[in-house]
Amino acid sequence: MSEINEWCMNIQNIVDDIDRCIRSGEDERLTLGRLSQTLGYSEYYVSRKFSEISGMKLRDYMRYRRLAFALRELRDTDKGILDIALDYGFTFHEAFTRAFKAAYGITPSAYRLHPVPVILRTAIRPFDCYLLGIGGTGMAQTNSDIKVYFVTIPAHKFLHIRNFESIGYFDFREKQSHIPGQDCETICGLLDSIKGKLDDMGGNEANSGSGQVMAYINEPEGRICSWGIPLAEAYGVRLPADYSGEIPRQMQIMDVPEGEYIVFEHGPFDFQTENSAVEAKIEQAMKDFDYEKSGYELDKTQGRVFYFYHDCMRYWKYIRPVRKTG
């Protein structure tokens, strides 16, 4: 492992430790001295490397994370604002209000009355194997079979951004980074603050990207894919059909009617050693599937949505719209 990747992993360990301490109420453990001692480096060196990799000072990051956890409690519980402030390290109500408004542009009391989407400070992922491009470069063997099954997905809404020119996840991120307010960091932060995501795993994490999915929408303006369909790449969250919350100005929402889908799913896998093998396996399964025998065909109707879930801790799956033949 290169030195930069090793330090990305070290900073990732710090980031994970910060969230564990905040979640368990052990904020007193969050000191630069303890974190530095854990890594075996001086406080100065750890602080410098954290800033170099994350783009912010460690103390600022810890403050943002406390505020992110506090925001979720304001949104999801009836706990008093002062109690929330005290729980997350703010001695006075006023100090909490100032910090919250500086971070999110709204006071805690105003947010509780009207929880509009805000750019929630997401947990940084310095050691993201997917973005670092170090996952599954070999052909590790995978023993899990690909599960193939049909499902009927109820009507829902899809809140998202879309790109008609990108090809693949990395290209999508790159092209979106040049659109003001539509870079993936900003969009992920907005999506994290929205309550009611259908794919959200829940729990007490302040923001983990849970519930966020990549998708491909059949659109005439999109690029022609290998299936001969014009697809626009999209990133967003699925929401209930009756969702009536505020829509961030740089995003759009669409109604997705009830429909039938075919799912190609692989179970949990190790990203660093198995990603390429799992990708090849699931791509082959989709290529080999005999639609004629199944009585279904891909639904290439304009507006249909293909969902793509990539979460090595849970699964890798493609969800493709279908319709019955004959």
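Only one residue in 106, 124 is in a loop (DSSP other than H, G, I, E, B), within 25 Å of the chain's Cα centre (by Cα) and at pLDDT 90 or above. Which one? First the steps, then the outcome.
On the way: 124 fails: at pLDDT 90 or above.
Of 106, 124, the one residue that is in a loop (DSSP other than H, G, I, E, B), within 25 Å of the chain's Cα centre (by Cα) and at pLDDT 90 or above is 106.
Residue pairs, Cβ under 8 Å, 6 or more apart or interchain, first in the stretch 244-267 and closer than 29 Å to residue 287 by Cα, second assigned to a loop (DSSP other than H, G, I, E, B) and among the β-branched types (Val, Ile, Thr). List them.
Hits for this filter: 264/146; 265/146; 266/142; 266/146.
Which of the residues that make up the stretch 36-62 are among the basic types (Lys, Arg) and touching a residue at least 40 places away in the same chain (Cβ under 8 Å)? Spell out how you get there, then give the answer.
Going through the stretch 36-62, the residues among the basic types (Lys, Arg) turn out to be 48-49, 57, 59.
Of everything in the stretch 36-62, just one residue is among the basic types (Lys, Arg) and touching a residue at least 40 places away in the same chain (Cβ under 8 Å), namely 49.
Any residue that is in a loop (DSSP other than H, G, I, E, B), without any contact (Cβ under 8 Å) to a residue 40 or more places away in the chain and buried (at least 19 other Cβ atoms within 10 Å of the Cβ) - is there at least one of those in the stretch 15-35? Give the steps one after another, and end with the answer.
Going residue by residue through the stretch 15-35, those that are in a loop (DSSP other than H, G, I, E, B) are 25-26, 30-31.
Still in the running and without any contact (Cβ under 8 Å) to a residue 40 or more places away in the chain: 26, 30-31.
With the extra rule that they be buried (at least 19 other Cβ atoms within 10 Å of the Cβ), the set shrinks to 30.
Yes, the conditions are met somewhere in the stretch 15-35.
Scan the stretch 252-305 residue by residue and report those that are of a type in the set (A, V, I, L, M) and farther than 30 Å from residue 181 by Cα.
The initial filter retains those residues of the stretch 252-305 that are of a type in the set (A, V, I, L, M), namely 253-254, 256, 262-263, 277-278, 280, 282, 285-286, 298, 305.
Scanning the stretch 252-305 gives 262, 263, 277, 278, 280, 282, 285, 286, 298.
Considering only residues that are among the aromatic types (Phe, Trp, Tyr) and out of contact with any Asp or Glu (no Cβ under 9 Å at 6 or more places or on another chain), look in the stretch 75-94 and name the one that is surrounded by the fewest Cβ atoms within 10 Å (Cβ to Cβ).
As a first pass, look at the stretch 75-94 and keep what is among the aromatic types (Phe, Trp, Tyr): 88, 90, 92.
Next cut, out of contact with any Asp or Glu (no Cβ under 9 Å at 6 or more places or on another chain) only: 90, 92.
Working: 90: 21, 92: 11.
Of everything passing the filter in the stretch 75-94, 92 is surrounded by the fewest Cβ atoms within 10 Å (Cβ to Cβ).
Considering 111, 149, which residue is at pLDDT 90 or above, surrounded by 15 or more Cβ atoms within 10 Å (Cβ to Cβ) and aromatic (Phe, Trp, Tyr)? Full working, then the answer.
Details: 149 fails: surrounded by 15 or more Cβ atoms within 10 Å (Cβ to Cβ).
Residue meeting the stated conditions: 111.
Quickly run through the stretch 43-86 and pick out the residues that are at pLDDT 90 or above and more than 24 Å from the chain's Cα centre (by Cα).
Answer for the stretch 43-86, where residues must be at pLDDT 90 or above and more than 24 Å from the chain's Cα centre (by Cα): 78, 79, 80, 81, 82, 83, 84, 85, 86.
So, restricting to helices (runs of 4 or more DSSP H) that lie completely within the stretch 37-103, which ones have at least 3 residues that are of a type in the set (Lys, Arg)? It would help to see each step written out before you state the result.
Working: elements: 43-54, 58-76, 81-87.
In the stretch 37-103, 58-76 are the helices (runs of 4 or more DSSP H) which contain 3 or more residues that are of a type in the set (Lys, Arg).
Need at least 2 residues that are in the same structural domain as residue 174 (by TED's automatic domain parsing), under 21 Å from the mean Cα position of the chain (by Cα) and at pLDDT 90 or above per element, so show me which strands (runs of 3 or more DSSP E) inside the stretch 209-313 make the cut, counting only ones lying wholly within it.
Numbers: elements: 212-224, 230-240, 252-256, 259-266, 296-298, 305-311.
In the stretch 209-313, the matching strands (runs of 3 or more DSSP E) lie at 212-224, 230-240, 252-256, 259-266, 305-311.
Would it be correct to say that residue 112 is on the phi < 0 side of the Ramachandran plot and under 19 Å from the mean Cα position of the chain (by Cα)? Show your work before the answer.
Numbers: on the phi < 0 side of the Ramachandran plot: yes; under 19 Å from the mean Cα position of the chain (by Cα): no.
Considered against the rule, which asks whether it is on the phi < 0 side of the Ramachandran plot and under 19 Å from the mean Cα position of the chain (by Cα), residue 112 comes out as no.
The values are calculated or read from the model by the stated rules, or taken from the named source; none is laboratory data. Keep in mind that this is a model prediction, so the values were computed, not measured. Note that each Cβ is placed from the backbone with ideal geometry, even for glycine, and that neighbours are counted across all protein chains shown.
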